[in-house]
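Novice: Attaching a single structure in structure tokens format; questions to follow.
The values are calculated or read from the model by the stated rules, or taken from the named source; none is laboratory data. Not measured: the values here are computed from a predicted model. Backbone-built Cβ (ideal geometry, glycine too); neighbour counts: all protein chains shown.
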Amino acid sequence: MAETASDTHDGPEGEETRRDFLLISTIAVGAAGAAVAAWPFIHMMNPSRDVLALASTEVDLEPIEEGQSITIVWRGKPVFIRKRTAKEIEIAKADDAATMKDPEADGTRVKKPEWLVMIGICTHLGCIPLGQKGSDPKGEFGGWFCPCHGSHYDTSGRIRKGPAPKNLPIPPYTFLDDTNIRIG
Amino acid sequence: MSENTRKFKNPVINWIEYRLPIFSFIDDSVGSNYPSPRNLNYWWNFGSLAGVTLVVMIATGIFLAMNYTPHVDMAFDSVERIMRDVNYGWLMRYVHMNGGTMFFIAVYIHIFRGMYYGSYKEPRELLWIIGIVIFLAMMATAFVGYVLPWGQMSFWGATVITNLFSVIPFFGDSIVQWLWGGFSVDNPTLNRFFSFHFLLPFVIFALVFLHLWALHEHKSNNPTGVEIKGDADVIPFHPYYTAKDAFGLGVFLIFFLGFTFFAPNFFGEPENYIRANPLVTPAEIVPEWYFLPYYAILRAVPDNFIDAWGILPVIITAKEAGVILMFASIIALAFLPWLDSSKVRSAKYRPIYKQLFWVFVADTFVLGYIGAHPAEGHFLLIGRIATAYYFFHLLILLPLLGRFEKTRPLPESISASVTNASSEEGQ
Ligand code: HEM
Ligand code: FES
């Protein structure tokens, strides 16, 4: 229809006309408008301000004994905090040279060697690995073991065996003083 | 009066019909004026059974929603209240729970029927593809619905499945946060899942209309796979198939309500009667039975398979490959009309395909069995073989088979095949 009209009124056949220009620019503006209108809908599904406001957590490390772990909740996820024994630190350092799926030196995963802070979510499909309690299985490398599909993590939380592709992630955190940290 | 206005006996109906020709529409769609192949067997009942189940799901769902609270602190309790205190709440919930299962049973049979009789072939490709879209929408609906009672399996199923999207390159993590509306599966997630669970069945309803519209354009396929050629090949939908569908529905309801009343938790997972706990993963995360084959495919990709080849590791990991395979296993079905190269529709006249069809059915059962077990040892091995075979069947066997298979002679017409039934049977 548009063609017929422009063919007869606006110029020689087969050439672009003002009408084509109007048509294309109207469509372009309409599409841009639709995209702009879609954004609030899309963004409304992103984390809201109150969710973001609760995005950091402070933890007192004082009560944790050597060789003991605690689990705290940060952004709805479990964070493992472990005061490592000298032996564990030694093994973790010695293993830096071992072949790994996701090679990372123990030194880059901790701020202070005795404090290992990491997100306790298996990087495979999101289960919570075991190893926080003394009685838990700790896997072949003495760290954590994910029962869901059998991923073994070492004393630095690095993936050593099983389907998980990555080491247990380290959340952003800072030492406020010797015994207090803020995560997030 | 306009020509498309029919004369009905009842003057009120005629009055309405003149203004809104809805009665002739019904009559043309599922009534005496809709011609159907005269030889449809009971495998053709499952479309209407799926349709009835959809209506049952919507009806029970709306009443459940009147008593359900989509909040992490109250969802579990509100469901328990429905079970204990709300009048007939237990019935609504058990019908809805088992209805999901029945819906998938009906649709799986419906899909396999299409595969056996080659119903997806020209000119029914779009009809088929709309069917696959319906199937995907059903899976999405069932998945978000299962999260609502906020039990342990709800929570952990949601966690595992939403995490699948983290494999999307670059944007994976932001997409997962966007799906969650937070940093883990939490209250915002539950709220939006409830909203989607309410919406999607109506989307499915609309899709079913498109599905039937496409169906009515070229009419049903039939067991011979031969197109309708004349009046002798058809009978009116009403009363013949309305009666047959109604009988089938009776049998189906006995099965459906049998489970609902006598074994309502047969298809369920006891773990889901434990309140969701984000800090404790259940010993084993198993999805509902109808997702098991896909779950098996997801977990089938060997870790060292990737390492062994040396080229892939930079690009994809076993986890990513598993996710891709899982989605591919469904998308591949949409391409069946082009993957299957045989001109002959029905397996009845394709001696080799007929056997391969049943091998494929068996393969999906094996996958389902594997999906219910931990991915280790011989389960893992069998799962890998079954996954490989699934794709081998769809992507290699079907395209080749059409070229080499020697098919049986097709009957001249539907009516010829019916009237010569006794001689046909001997073959
Ligand atoms: C909510 C789900 C569905 C409903 C309510 C539904 C409904 C129906 C109905 C009532 C028919 C006509 C009767 C019959 O042939 O059984 C039909 C035909 C058909 N459906 Fe579906 N369907 C659904 C899902 C699917 C799916 C998932 C597929 C395939 C992937 C599919 C593929 C087909 C095909 C190919 C036909 C024409 C088959 C023939 O006449 O041989 N449908 N559907
Ligand atoms: S989720 Fe931990 S091994 Fe799969």
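Novice: Taking helices (runs of 4 or more DSSP H) that fall entirely within segment B:9-103, which contain at least 2 residues that are of a type in the set (A, V, I, L, M, F, W, C) and under 26 Å from B:Ala243 (Cα atoms)?
Specialist: B:22-30, B:46-65
Novice: Residue by residue through segment A:104-128, note down the ones that are within 13 Å of chain B (Cβ to nearest Cβ) and out of contact with any Pro (no Cβ under 8 Å at 6 or more places or on another chain).
Specialist: Passing the criteria: A:Leu125, A:Gly126.
Novice: Sort out which residues of segment A:55-89 are touching a Lys or Arg at 6+ places or on another chain (Cβ under 7 Å) and surrounded by 17 or more Cβ atoms within 10 Å (Cβ to Cβ), and write them in order of number.
Specialist: Scanning segment A:55-89 gives A:Ile64, A:Ser69.
Novice: Taking the criterion of being under 19 Å from the mean Cα position of the chain (by Cα), more than 16 Å from ligand 2 (Cβ to nearest atom) and assigned by TED's automatic domain parsing to the domain that holds A:Asp154, would at least one residue in segment A:122-139 satisfy it?
Specialist: There is no residue in segment A:122-139 that is under 19 Å from the mean Cα position of the chain (by Cα), more than 16 Å from ligand 2 (Cβ to nearest atom) and assigned by TED's automatic domain parsing to the domain that holds A:Asp154.
Novice: Any chance segment B:263-283 includes a residue that's free of Cβ contacts under 8 Å to residues at least 60 places away in the same chain, among the hydrophobic types (A, V, I, L, M, F, W, C) and outside any loop (DSSP other than H, G, I, E, B)?
Specialist: No; the residues of segment B:263-283 include none that is free of Cβ contacts under 8 Å to residues at least 60 places away in the same chain, among the hydrophobic types (A, V, I, L, M, F, W, C) and outside any loop (DSSP other than H, G, I, E, B).
Novice: Sticking with this structure for a sec: I want to confirm something. Restricting to segment A:150-161 and keeping residues that are touching a residue at least 24 places away in the same chain (Cβ under 8 Å) and touching an Asp or Glu at 6+ places or on another chain (Cβ under 8 Å), which single residue is farthest from ligand 1 (Cβ to nearest atom)?
Specialist: Step by step, filter segment A:150-161, then rank; the result is A:Thr155.
Novice: I would also like to ask the following. Scan segment A:160-174 residue by residue and report those that are away from chain B (no Cβ under 11 Å) and part of a loop (DSSP other than H, G, I, E, B).
Specialist: Of everything in segment A:160-174, those that are away from chain B (no Cβ under 11 Å) and part of a loop (DSSP other than H, G, I, E, B) turn out to be A:Asn167, A:Leu168, A:Ile170, A:Pro172.
One line per residue, one yes/no per condition, for (1) over 30 Å from B:Phe252 (Cα atoms); (2) within 26 Å of the chain's Cα centre (by Cα); (3) within 16 Å of ligand 2 (Cβ to nearest atom):
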position	(1), (2), (3)
B:Asn14	yes, no, no
B:Tyr18	yes, no, no
B:Trp43	no, yes, no
B:Ala65	no, yes, no
B:Ala75	yes, no, no
B:Glu80	no, no, no
B:Val86	no, no, no
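Novice: So which residues in segment B:350-398 are in contact with an Asp or Glu (Cβ under 7 Å, 6 or more places away or on another chain) and modelled with pLDDT under 95, if there are any at all?
Specialist: B:Pro374
Novice: Could you please tell me which pairs satisfy a Cβ distance under 8 Å, a separation of 6+ or placement on different chains, a first residue in segment B:111-133 that is assigned to a loop (DSSP other than H, G, I, E, B), and a second residue that is within 16 Å of ligand 2 (Cβ to nearest atom)?
Specialist: Going by the 8 Å Cβ cut-off, there are no qualifying pairs.
Novice: List the pairs whose first member sits in segment A:105-125 and is assigned to a strand (DSSP E or B), whose second member is among the charged types (D, E, K, R), and whose Cβ atoms are under 6 Å apart, counting only residues at least 6 apart or on separate chains?
Specialist: Hits for this filter: A:Leu116/A:Arg82; A:Leu116/A:Arg84; A:Ile119/A:Lys77.
Novice: Next up: Restricting attention to segment B:284-305, and to residues there that are of a type outside the set (A, V, I, L, M), in a loop (DSSP other than H, G, I, E, B) and within 10 Å of chain A (Cβ to nearest Cβ), which single residue is nearest to ligand 1 (Cβ to nearest atom)?
Specialist: B:Arg299
Novice: Then there's this: Could you count how many residues in segment B:189-200 are crowded, with 20+ Cβ neighbours inside 10 Å and within 10 Å of chain A (Cβ to nearest Cβ)?
Specialist: Adding up the residues that qualify gives 1.
Novice: Pick from B:Gly89, B:Gly114: which is within 13 Å of ligand 1 (Cβ to nearest atom), out of contact with any Asp or Glu (no Cβ under 7 Å at 6 or more places or on another chain) and among the small types (Gly, Ala, Ser)?
Specialist: Criteria check complete, one pass: B:Gly114.
Novice: Next question, about the same structure. Mind listing just one residue for me: the one in segment A:23-57 that is in a loop (DSSP other than H, G, I, E, B) and not small (Gly, Ala, Ser) and, of those, farthest from the other protein chains (Cβ to nearest Cβ)?
Specialist: A:Leu54
Novice: For B:Phe170, work out the one condition from (1) at pLDDT below 95; (2) more than 14 Å from every other protein chain (Cβ to nearest Cβ); (3) assigned to a helix (DSSP H, G or I) it doesn't fulfil.
Specialist: If we test B:Phe170 against (1) at pLDDT below 95; (2) more than 14 Å from every other protein chain (Cβ to nearest Cβ); (3) assigned to a helix (DSSP H, G or I), just (3) comes out false.
Novice: Between a residue in segment A:58-82 that is in contact (Cβ under 8 Å) with a residue 12 or more places away in the chain and more than 14 Å from every other protein chain (Cβ to nearest Cβ) and any residue that is part of a strand (DSSP E or B) and among the hydroxyl-bearing types (Ser, Thr, Tyr), which pairs come within a Cβ distance under 6 Å, given they are 6 or more apart or on different chains?
Specialist: The qualifying pairs are A:Arg82/A:Ser69.
Novice: Looking for something farther than 30 Å from A:Cys122 by Cα, small (Gly, Ala, Ser) and either buried (at least 17 other Cβ atoms within 10 Å of the Cβ) or away from ligand 2 (no atom under 16 Å from the Cβ) (or both) - is there at least one such residue anywhere in segment B:233-247?
Specialist: yes
Novice: Can you name every residue in segment A:130-159 that is farther than 18 Å from A:Ile81 by Cα, within 14 Å of chain B (Cβ to nearest Cβ) and surrounded by fewer than 22 Cβ atoms within 10 Å (Cβ to Cβ)?
Specialist: Hits for segment A:130-159 are A:Pro147, A:His149, A:Gly150.
Novice: Looking at the structure I just gave you, is B:Glu269 surrounded by 14 or more Cβ atoms within 10 Å (Cβ to Cβ) and either over 17 Å from B:Thr53 (Cα atoms) or not β-branched (Val, Ile, Thr) (or both)?
Specialist: Yes.
Novice: Sticking with this one: List pairs: first residue in segment B:18-35 and over 8 Å from B:Phe237 (Cβ atoms), second residue polar (S, T, N, Q) anywhere in the structure, Cβ distance under 7 angstrom, at least six positions apart or on different chains.
Specialist: Listed pairs, sorted by first residue: B:Tyr18/B:Thr5; B:Pro21/B:Asn4; B:Pro21/B:Thr5; B:Ser24/B:Asn4; B:Asp27/B:Asn33.
Novice: Going by the structure shown, is A:Lys101 within 16 Å of ligand 2 (Cβ to nearest atom) and basic (Lys, Arg)?
Specialist: Against the criterion (within 16 Å of ligand 2 (Cβ to nearest atom) and basic (Lys, Arg)), A:Lys101 qualifies.
Novice: Among helices (runs of 4 or more DSSP H) lying entirely in segment B:345-427, which contain 3 or more residues that are touching a residue at least 60 places away in the same chain (Cβ under 8 Å) and within 14 Å of chain A (Cβ to nearest Cβ)?
Specialist: In segment B:345-427, the matching helices (runs of 4 or more DSSP H) lie at B:377-391.
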